[in-house]
Amino acid sequence: MAARCGGWPRLCWLLALAALAGLGAEAKNSEDVRCKCICPPYKDHSGQIYNKNVSQKDCDCLHVVEPMPVPGPDVEAYCLRCECKYEERSSVTIKVTIIIYLSILGLLLLYMVYLTLVEPILKRRLFGHSQLIQSDEDIGDHQPFANAHDVLARSRSRANVLNKVEYAQQRWKLQVQEQRKSVFDRHVVLS
Amino acid sequence: MDQKGYRRGSFQSSTSDEDMLEIAGASLDFSMADDDPPLDREMGGFSSYNGGGMNGTSTMMDFLEEPLPGVGTYEDFNTIDWVREKSRDRDRHREITSRSKESTWALIHSVSDAFSGWLLMLLIGLLAGSLAGLIDISAHWMTDLKEGVCLAGFWFNHEHCCWKSNTTFTDRDKCPEWESWSQLILGHGEGAFAYILNYFMYVIWALLFSLLAVLLVKGFAPYACGSGIPEIKTILSGFIIRGYLGKWTLIIKTITLVLAVSSGLSLGKEGPLVHVACCCGNILCHLFTKYRKNEAKRREVLSAAAAAGVSVAFGAPIGGVLFSLEEVSYYFPLKTLWRSFFAALVAAFTLRSINPFGNSRLVLFYVEFHMPWHLLELVPFILLGIFGGLWGAFFIRSNIAWCRRRKTTKLGKYPVLEVFVVTAITAILAFPNEYTRMSTSELISELFNDCGILDSSKLCEYVNDFNSTKGDDLPDRAAGPGVYTAMWQLALALVMKVFITIFTFGMKVPSGLFIPSMAVGAIAGRLLGVAVEQLAYYHHDWAIFSGWCSQGADCITPGLYAMVGAAACLGGVTRMTVSLVVIMFELTGGLEYIVPLMAAAMTSKWVADAIGREGIYDAHIRLNGYPFLEAKEEFSHKTLAMDVMRPRRNDPPLTVITQDSMTVEDVETIINETTYSGYPVVVSRESQRLVGFVLRRDLIISIENARKKQDGIVSTSVIYFTDHSPPLPPSSPSMLKLRSILDLSPFTVTDQTPMEIVVDIFRKLGLRQCLVTHNGKLLGIITKKDVLKHIAQLANQDPDSILFN
């Protein structure tokens, strides 16, 4: 099993899922348990829902319903109709999940704003108009051998890390453009 | 003609997979073979490149690793060769087993190789479960965000916000920590102006969410829209769609699924969860060589991942495996069954430990009642089945018509505007009716719920006579005014959902179908259930009720009717059978309701099949023209192979390559002039005796590589596919041996073979093309696309709708 963990994105994924799974198991915050008793209307008392932070063995009507709305002899009849349930949750998990989600969403929105607004302005300032025209060319299989040339040429070493990132980003953009054409323009996939 | 379009850019898009880059980097260095003396002396300089498995023991591994980058992989939008992939895997396995006897390290390697499948399933289950937990918690929160915000911590949704406080029985949703938008802005929550403000905020939030969703999909991952199940079905049958199961698609689908569900649109998250789980499966496959390099093994993993996806969507592991078997997978070997079950269990367990709903349940609408039902109730259940079938057929017809319109007319040019308009309409119509304002899962949960004393929702507002109440057993009761209000509100909700879902499914946001169908069925079921219940209450003396429903006994459970209705509608749309029943009974946790569920599911399937043969997913496959050879249909016409093969009578003769008499230039001309994805190799043009089959992609890559790397290859060099080079005068340029890319065992049938057998061969073996011979000589070729066109023609459908090959 050659574990080809190609790159930090995969490591990030595994860490994130480990964190999420781990959080699920921990955080028995004392704030996060409750015993919920639902008591329906009885005679002339209206119904009420009681929540109290008790342990599971104490989760019954007598411990939770305070103050008892009915006098002594009626307590048993009242409590028979009440239903008590023990519930747990993990507020830490909820908080962390929502924050992770919002941060990923925020990052994606920022990246989208950057790609659509900021990058063309930067590129125009640095490289002039020629670069923009080049990146908009249609990818075609007009010369199958020229494209095969590309297949084999991927191994050309790029010493510069920045070049690598730039190259990966260009490739990704072309891929998204191609997908967008298939889905939105030509309607051949996922109509 | 359209084929060119899909191969356009195929190299660019296909080589964007990471593994292609790594292969290109690693194996262009041929110096490793210089250590061994080449066997074939005459080949001189390029023995290292063509030697492959011929040289000595140390180069055994070369035989398995691709000698050239790109050879043996597939272009985008093409079908894989199942036979080749399976035989490659068997070779690899044989090699590892034979080597395991050599050293301990090799033994460990073979054990870990066998174990890697299970480890991969474990990882898939963990990742799918975690993502499902993220989606559930976020969707729950964002849905409530449309109505208000929690002051005790903005990350709590309504239910969790009011977790700690004591509330009154009737107003159990109101607590001081949760404030609706009008309360936040105006300071009070009552009055017409507050209502209008709430309405306005609801619509604004809904529009914001859906716009964000569609912009993200359009900007980053256009493949993330739609349900995903038709495309996954096609991928599992052998089609390649590069990027469909990639990491950007995964990220965008997860994020936008939450946004789409929270915006109040009439869609669900179960179908997209299957796509998310398959993406996880595909991404994790890259960690293991065994699955990364072999497309057939990868599809086994994807089947298991699909099972894990359904398992976390419904909390039904067994149902998930059966769904994968029945709906999604094409080949399902027995080994995959066990592994799918393992992946589904791990996923369900991971989701349970994240505990998104706070009560260790995996689905919001888990029911826990076990009331008995009577045999006579089968009549309304079958009525619900008929309704489900009718609705299913109606929905499929209208949705396909609308999607076709979107595909062919100007409607498809404005996807963002379309999403905006549909969301606006949905939000504006949904807010006034409380049953459409709440999220669909909550609606289903409320409809499935059996009314007890402790429920105070409008649907449970029966006339309670407290003197006759004995403990927990409720008698049957007359419907109070609340129930009547709820009935007509539910009827309006039903009409709205029936129509709005037609326009919602298939939009350019992730959209699933299960929850809306279940909602439609549940509403219809509950309406019928309450009607039957009240009928039994007011007419105890009728013959049909007097036998089993005495005065004072609560014998009809409207919640059960809702469940059966949901199953019927879902079955009518998707045409699921066993998996549907198992999912529904895993949802309820009891075996008592299997018979009603089966009765309704069967009835709805029969009724729907009588109207239209295909389920929604097959209909979408046909709409998109994917090359999906339906495995369940029988081919019953008496045509022969020679009626289907190409070239037809008036076409130019078959384009072939001879085994040792064509030059590089000739082959390049053929490749440039034609667009076929493969060429048969014959002994000579006169004899037309078959040698093998060579793929276009492999030819292109090999020739290009030879021109660059090998000495003396020019346009007049002869290409030969035989073992030994043909005799040529010594002054001719050096020859190019391409035997390693030739498939020496192509499948052939004779021209008199009935098409039934040919279609069966294509299905069972997963072929891409099949050569046709006559008296031993090559006559023509049948490709999968020809078979699909032929079937479409015989079924009186449009054969030109098959787009891909």
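Numbers at a glance
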item: Alpha-carbon centroid distance for the pair the range B:134-208 / the range B:641-694, whole angstrom; result: 69
item: Net lengthening on full extension, residue B:725/residue B:104 (0.36 nm per residue, minus Cα-Cα); result: 219.3 nm
item: Volume of the Cα convex hull of the protein assembly as shown, divided per residue and given in Å³; result: 194
item: For chain B: relative contact order, % (alpha-carbon pairs under 8 angstrom, 6 or more apart); result: 14
item: Dipole axis of chain B (+1 Lys, Arg; -1 Asp, Glu on Cβ), positive-most option in B:371, B:507, B:256; result: B:507
item: Dipole magnitude of the protein assembly as shown, debye to nearest 20 (Cβ charges: Lys/Arg +1, Asp/Glu -1, about Cα centre); result: 2220
item: Cα→Cβ-extended label distance, 7 Å offset, between residue B:633 and residue A:54, nm; result: 6.5
item: FRET efficiency for residue B:606 and residue B:425, using Cβ-Cβ distance with R0 set to 51 Å, rounded to 0.05; result: 0.90
item: Virtual spin-label span in nm between residue B:673 and residue B:689, 7 Å along Cα→Cβ; result: 2.7
item: For B:312, B:498, order by how many other beta-carbon atoms lie within 10 Å, fewest first; result: B:498, B:312
item: Other protein chain Cβ atoms within 10 Å, averaged over every residue that makes up A:36-49; result: 4
item: Shape call, the range B:211-358: gyration tensor on alpha carbons, a/c limit 1.5; result: oblate
item: Estimated dipole of chain B in Debye, rounded to 20 [Cβ of Lys and Arg +1, of Asp and Glu -1, Cα centre]; result: 1520
item: Across chain B: Cys residues that no other cysteine approaches within a C-beta distance under 4.7 Å; result: B:225, B:278, B:279, B:280, B:285, B:403, B:569, B:770
item: Net charge dipole size for the range A:33-89 [Lys, Arg +1 and Asp, Glu -1 on Cβ; Debye, nearest 20]; result: 200
item: Cα-based helix-to-principal-axis angle, B:578-588 vs chain B, degrees rounded to 10; result: 40
item: Footprinting exposure proxy for A:105, B:302 (fewest neighbouring C-beta atoms within 10 Å first); result: A:105, B:302
item: Within chain B, percent of DSSP bridges classed antiparallel, to nearest 5; result: 75
item: Calculated FRET efficiency for the pair residue B:165/residue B:114, C-beta based, R₀ 56 Å, to 0.05; result: 0.50
item: Residue A:161 versus residue B:196: modelled label distance in nm, points set 7 Å from Cα along the beta carbon direction; result: 5.9
item: Chain lengthening between residue B:661 and residue B:796 when straightened (0.36 nm per residue, less Cα-Cα); result: 44.1 nm
item: Which listed pairs, of B:497/B:785; B:101/B:764; B:247/B:709; B:101/B:335; B:413/B:497; A:95/B:290, have C-alpha distances above 28 Å, in listed order; result: B:497/B:785; B:101/B:764; B:247/B:709; A:95/B:290
item: Rel. contact order, % - alpha carbon contacts under 8 angstrom, at least six apart, the range B:641-795; result: 27
item: Peptide B:168-177, shielding by other chains (average Cβ, 10 Å cutoff); result: 2
item: Where only alpha carbons of the range B:155-250 are counted, the Rg and the Dmax (Å); result: 21.2, 60
item: Bridge type composition, the protein assembly as shown - antiparallel percent by DSSP, nearest 5; result: 85
item: Whole-number percent relative contact order across the range B:549-656, with pairs defined as alpha carbons under 8 Å at least 6 apart; result: 23
item: 0 to 90° range, to nearest 10: angle between helix B:558-574 axis and chain B longest Cα axis; result: 20
item: Principal-axis tilt of helix B:755-765 within chain B, Cα atoms, nearest 10 degrees; result: 80
item: For the range B:641-795, average projected area of the Cα convex hull in nm²; result: 10.0
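Values quoted throughout were computed directly from the atomic coordinates according to the rules given, and no laboratory measurement underlies them. Keep in mind that what you see is a predicted model, and the values were worked out from it rather than measured. Reconstructed Cβ throughout: ideal geometry from the backbone, glycine too, with neighbour counts over all protein chains shown.
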